[in-house]
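To start, the structure itself, in structure tokens.
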């Protein structure tokens with residue numbers, strides 16, 4: 001059931017209070033009255049009213065002064081001012097001071113009904129807006145960052161502590177560990193969350209393209225610049241800019257970027273007007289930035305400017321205990337998106353997944369589960385649905401030779417040490433296979 | 001006070017048949033016996049020369065204090081232009097959950113709006129207005145159902161859109177009072 005709207009009537013004339021009271025009470029509103037501004041203010045402090053109808057001309061504090069004080073107390077209050085002595089000046093002043101509307105006594109009954117209906121609509125829109133914001137926050141929170149392992153708990157703690165600040169953040173970690181998810185989680189938990197998170201994949205753009213992408217350009221700045229274009233820094237005004245693969249930017253771009261970070265001002269390519277933008281910077285890289293600084297490949301001043309807070313996202317092999325949770329999460333995610341009934345995973349398959357090295361980290365695991373759901377029987381993911389057989393299935397292999405030795409042995413055992421059949425399966429000649437057996441010292445008992 | 005009785009008090013001439021019709025409708029809607037009687041008061045005391053209208057708040061108070069004691073619910077029927085301080089006009093008014101209400105025929109006539117006289121429409125509108133104000137005295141607030149007589153109406157066109165009947169929800173609320 002919808003909330004009952006409450007109305008406070010503030011007027012020094014009893015007859016006005018009474019008639020408005022009767023009118024609104026018949027409409028089903030909760031109505032209270034105050035005969036002067038001071039009483040009204042104390043009522044507003046202790047109770048909450050959706051709509052306040054206030055007379056301008058009252059002994060003591062007048063309606064306009066009361067309006068200003070109400071706005072200080074409760075900025076979002078809807079105040080409708082009424083007067084029997086209408087002047088343009090007072091109307092303008094009331095609206096400037098934040099009145100929702102201004103109405104001259106006596107009103108047409110229909111005007112009053114419309115006014116209250118509009119105010120009620122405004123209240124429900126504000127409530128709807130608030131609810132939507134809450135939904136957005138809950139959708140954009142850290143739910144996508146799955147894991148209960150100690151390294152992931154540290155990442156979540158870091159996100160929480162850095163989100164509310166304005167500090168620059170560098171997120172490091174191997175490819176596929178979820179650096180962008182961390183950036184998104186920081187943004188969506190920050191006060192900037194209602195403004196854009198603008199992502200730029202620095203590694204995918206040439207120097208000149210990146211320059212135009214970040215700073216924007218004016219019409220005619222270069223061949224093909226047919227129109228003025230806003231840059232990503234401009235788009236990220238009041239929000240966050242996420243620079244992925246920051247280690248790939250050129251020395252010239254590093255200088256330009258440093259300048260922008262220090263002044264928050266820049267000029268579009270081919271332009272001369274200085275533009276300012278208030279953004280927060282989050283960067284990500286899978287390289288060792290500090291090492292690059294030592295080698296002179298990355299500017300030290302930019303490094304310190306960016307690396308105010310560092311968050312390291314651990315590789316999947318360092319948080320094996322998170323794998324079952326991740327598998328479960330991806331199964332649910334893809335079964336839902338493919339509109340399939342939920343599937344389970346065979347414990348043997350899960351064990352093999354846990355033993356897998358995952359050089360591509362969570363991204364690789366995600367792809368593996370998606371594939372298994374597509375090719376599987378729709379009930380249970382088994383070992384045969386996973387592309388593990390053809391891959392390195394343990395992390396004990398250091399070299400290609402180790403891998404070759406194990407593979408040849410597997411094939412020889414499979415064909416009962418029949419050299420011809422094994423050589424045919426391996427697509428090598430018998431001599432090569434003999435040489436490999438000798439080289440690795442392989443025996444049928446191995 | 002008779003707990004089973006509604007009294008219509010006419011302040012001004014309405015015609016016997018006209019009042020009987022109103023009484024019949026009221027009886028059908030609230031299932032209580034309806035009395036009709038004449039009331040007398042000096043309306044000039046309630047006239048506001050500045051607005052050239054009659055003060056509905058004061059008239060309601062007068063009906064409530066002087067004419068409502070013998071009846072469960074009382075409604076004063078007028079043929080003058082009513083106002084309340086805050087509004088330019090009203091068709092009627094009542095005390096929510098109270099004993100009394102007032103209703104006026106003055107703004108319900110077609111000719112007031114430049115249209116041809118239509119006594120049937122006028123009478124229908126007045127029936128609706130009387131039932132509406134009495135509904136408030138039974139504690140009913142404005143109803144959102146477009147055809148319910150308790151729907152708020154600020155123009156005669158609004159009154160014409162609705163029925164003279166209480167909707168099921170409003171009727172049940174009135175029934176609850178007598179359980």
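Listed values, structure above:
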read-out	value
Residue-span extension gain [residue B:69 to residue B:115] - 0.36 nm each, minus C-alpha spacing	12.6 nm
Length-normalised contact order for chain A - Cα pairs under 8 Å, 6+ apart - percent	11
Antiparallel %, DSSP beta bridges [both residues in chain A], to 5	10
Rounded D (µm²/s) - the range A:307-443, Kirkwood Rh over Cα pairs, Stokes-Einstein at 37 °C, 0.692 mPa s	188
Relative contact order %, chain B, counting alpha carbon pairs below 8 Å whose residues are six or more apart	19
GNM top mover of A:16, A:308, A:170 - chain A, alpha-carbon springs below 10 Å	A:16
For chain A, the spread of Cα positions along each principal axis, largest first, Å	112, 57, 41
Peptide A:107-114, shielding by other chains (average Cβ, 10 Å cutoff)	5
Under the Debye formula (equal points on every Cα, no solvent term), log10 I(q)/I(0) of the range A:247-361 at q = 0.20, 0.23 Å⁻¹	-1.07, -1.29
Stretchable slack from residue A:374 to residue A:166, in nm (0.36 nm times residue separation minus alpha-carbon distance)	70.6 nm
Taking the range A:259-314 and dividing mean pair separation by its residue count, relative contact order in percent (alpha carbons under 8 Å, at least six apart)	22
Of A:133, A:71, A:219, the one that fluctuates the most in a GNM where chain A has Cα springs shorter than 10 Å	A:71
Which of B:54, B:155, A:334 has the fewest Cβ neighbours within 10 Å, and the rest in rising order	B:155, A:334, B:54
Computed FRET value (nearest 0.05) for residue A:104 with residue B:176, which takes r as the C-beta separation and R₀ as 41 Å	0.50
Between 0 and 90°, nearest 10: helix A:251-263 axis offset from chain A longest Cα axis	20
Per-residue mean of C-beta atoms belonging to partner chains within 10 Å, peptide B:150-157	3
Gain upon complete extension [residue A:123, residue A:175; 0.36 nm per residue less C-alpha separation]	14.0 nm
Shape parameters for the range B:50-113, alpha-carbon atoms, Rg then Dmax in Å	12.1, 38
Protection-proxy order for peptides A:43-50, B:146-153, each taking the mean of Cβ atoms within 10 Å per residue, highest first	B:146-153, A:43-50
Cα centroid separation, the range A:209-232 to the range B:17-62 (Å)	77
Other protein chain Cβ atoms within 10 Å, averaged over every residue that makes up A:368-380	0
C-alpha center-to-center spacing [the range A:25-44, the range A:320-374] in angstrom	60
Chain A - mean residue ellipticity at 222 nm from DSSP helices (-39,500 (n - 2.57) per run, n ≥ 4, rounded to 500)	-14500 deg cm²/dmol
Against the rule of thumb 2.2 N^0.38 Å, how large the Cα Rg of chain B comes out	0.96
Principal-axis tilt of helix A:150-163 within chain A, Cα atoms, nearest 10 degrees	30
Using alpha-carbon coordinates, inclination of helix A:400-414 to the longest axis of chain A, degrees	70
DSSP beta bridges in the range B:1-96 [antiparallel fraction, %, rounded to 5]	20
All Cα pairs of the range A:30-96, percent lying beyond 20 Å	21
For chain B, calculated [θ]222 nm from helices alone, where every DSSP H run of n ≥ 4 adds -39500 (n - 2.57)	-10500 deg cm²/dmol
Relative compactness, the range A:148-261, computed as alpha-carbon Rg over 2.2 N^0.38 Å	1.19
Shape of the range A:155-220, Cα gyration tensor, a/c cut at 1.5	oblate
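Laboratory data are not the source of any read-out in this text; all were calculated from the coordinates shown. Here the structure is a predicted model, which means the values were calculated and not measured. Every residue, glycine among them, receives a Cβ derived from its backbone with ideal geometry; neighbour counts consider all protein chains shown.
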